[in-house]
Each structure stands twice: as structure tokens, then as C-alpha cells.
Amino acid sequence: MKLLIAYSTKHGTTAACVERLTRALRGMEVHTARLETETPNVREYDLVLLGGSVYFGRFRPALRQFLKENEAALCEKPLGLFWCCGRTEDHEYYGEKLFPRSLRERAFAQIFFGGTLRIREAGLWERILLHSMRSAILESEINDGEYTPTLPTVLPESVDMMATYVREAARRL
Ligand SMILES: Cc1cc2nc3c(=O)[nH]c(=O)nc-3n(C[C@H](O)[C@H](O)[C@H](O)COP(=O)(O)O)c2cc1C
């Protein structure tokens, strides 16, 4: 049973989720492919996990291109979908909007892995945007009365849940 995890990331949040997922799937034959640097052949795998992070309301170009070129091939595979984003309140909308319906209807799992608004690796314009996204979250918390800042974070339990679904799907093959 060969498993492909194809993903897109810019600053490493999604990559960290994929690393955790790979560890959770130890014992299985897993190939991870960062789509910015590698274009895997979906047909070589028995099961595929696919995902990435959201920038300006879209997946990054490498994932968009991969989805466009491989939609038909992906439809023939047991498929799990995942995504990361900073506006956690919008994650359902992104999941529905950014993956083609044909894939969503066939997927055995569609899981939001959380996200971060980490500034460290960002360039100047990204820093400005990230600061404003962080401020919007923190200020809305203040306005709500009690001050409990909840910046987005990766959700390890969601990553582990994907691993559980993958093992179940692999048993059905
Ligand atoms: C320039 C920029 C634009 C972003 N745009 C969005 C967005 O439109 N919606 C959202 O929910 N998160 C947005 N984010 C947050 C990212 O989705 C989040 O930081 C994610 O964890 C990045 O994952 P990655 O490091 O794997 O690329 C943006 C972040 C940056 C730096």
C-alpha cells in the first residue's frame, strides 16, 4: 500500500502538520511531496492525501495547478483533504470553496489542520498583513469583554484524526 501526501506550504505550518502526520502513519509506505518543488504522479499511489495553506483566499499556485491537472486521477483514488489557514472562523468556507466538489464528494476525510499567524519568517508586506490579522483577532476579543487572546494554532488532534481515517481507509483497500 503506497500512500502519497502532496502538500503546498510557504512558511512551514502545513509542512509541520505533514511531518506529524507522517510520524503518526509510521509502519506505512508514505511518500511526501511538497508541490512547490515536486510534481508526484498520483497514479503510482493507492491512497492520496492532499492539502495546503490559504493565502489571500486561495491555495498557493502549486496546489491550484496540481488540482487542475490531476482532478480526474484524484477522483479515482481514496482521498483525504486537509488545509491550514489563519482565519479559523473561515475554515469551513475555504474547505468548501477551494477543493473541487468532485473531490470533496469522494474524499474519505476533509480535515482542517489549524494554522498560525507567525511573523518570524514573513517578508515586509506579509508582516504588515499578519500584524493586522493578529490585531483584528485580539481586538475583537477585547471588545467582547473578557480578554482571552486566541491566536490561531495548529491542531495536532486533527492531524492525528487524519491518520486514524487513513488507517481505516487502507484496511478497506
Ligand atoms: C500574505 C498572507 C496572506 C494570508 N491570507 C490568508 C487568507 O486569506 N485567509 C486565511 O485564513 N489565512 C491567510 N493567511 C494565513 C495563512 O494561511 C497561515 O499563516 C498558514 O498557517 C500558513 O501556512 P504555511 O506556512 O504552510 O504556508 C495569510 C498569511 C499570509 C502571510
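The values are calculated or read from the model by the stated rules, or taken from the named source; none is laboratory data. Only a predicted model underlies this, so the values are computations on that prediction, with no experimental measurement involved. A quick note on method: Cβ atoms are made from the backbone with ideal geometry, for glycine too, and the neighbour counts reach across all protein chains shown. These area figures cover heavy atoms from the full protein model, side chains too; ligands, DNA and RNA do not enter into them. Shrake-Rupley method; radii C 1.70, N 1.55, O 1.52, S 1.80 Å.
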message: With every protein chain kept in place and ligands, DNA and RNA left out, what is the accessible area per residue of the chain? Probe 1.4 Å, answer in Å².
response: 55
field: Kirkwood-Stokes translational diffusion coefficient of the stretch 41-173, alpha-carbon pairs, 4 °C, 1.567 mPa s, µm²/s
entry: 79
task: Express in nm, to one decimal, how much length is gained between Leu151 and Glu36 on full extension, taking 0.36 nm for each residue of separation and deducting their alpha carbon distance.
output: 38.7 nm
- request: Pick out which of Thr37, Thr22, Thr153 has the largest mean-square fluctuation in a Gaussian network model of the chain, springs linking Cα atoms closer than 10 Å.
  value: Thr37
task: Round to the nearest 0.05 the FRET efficiency obtained for Arg43 and Arg106 when R0 = 22 Å and r is the Cβ-Cβ distance.
output: 0.90
task: On a 0 to 90° scale, report how tilted helix 13-24 is relative to the longest principal axis of the chain, with both axes built from alpha carbons and the result rounded to the nearest 10.
output: 50
field: Distance in nm between pseudo-label sites at Ile142 and Ile128 (7 Å out along the Cβ direction from Cα)
entry: 2.2
field: In the stretch 40-121, the chymotrypsin sites (Phe, Trp or Tyr not before Pro) that fall in loop regions by DSSP, at most 10 other Cβ within 10 Å
entry: Phe56
Which of Arg64, Arg171 is most accessible, then next, and so on - probe 1.4 Å: Arg171, Arg64
field: Accessible-area composition of the chain, carbon plus sulfur, in percent [1.4 Å probe]
entry: 49
task: Using only the Cα atoms, work out Rg/Rh for the stretch 122-173, with Rh taken as the Kirkwood radius, to two decimals.
output: 1.29
task: Please state the charge dipole magnitude for the stretch 71-173, taken about the Cα centre, from unit charges on C-beta atoms (+1 on K and R, -1 on D and E), reported in debye and rounded to the nearest 20.
output: 540
message: Give the lysines whose C-alpha is closer than 25 Å to that of Lys10, dropping any in the same chain fewer than 8 places away, or say none.
response: Lys68, Lys97
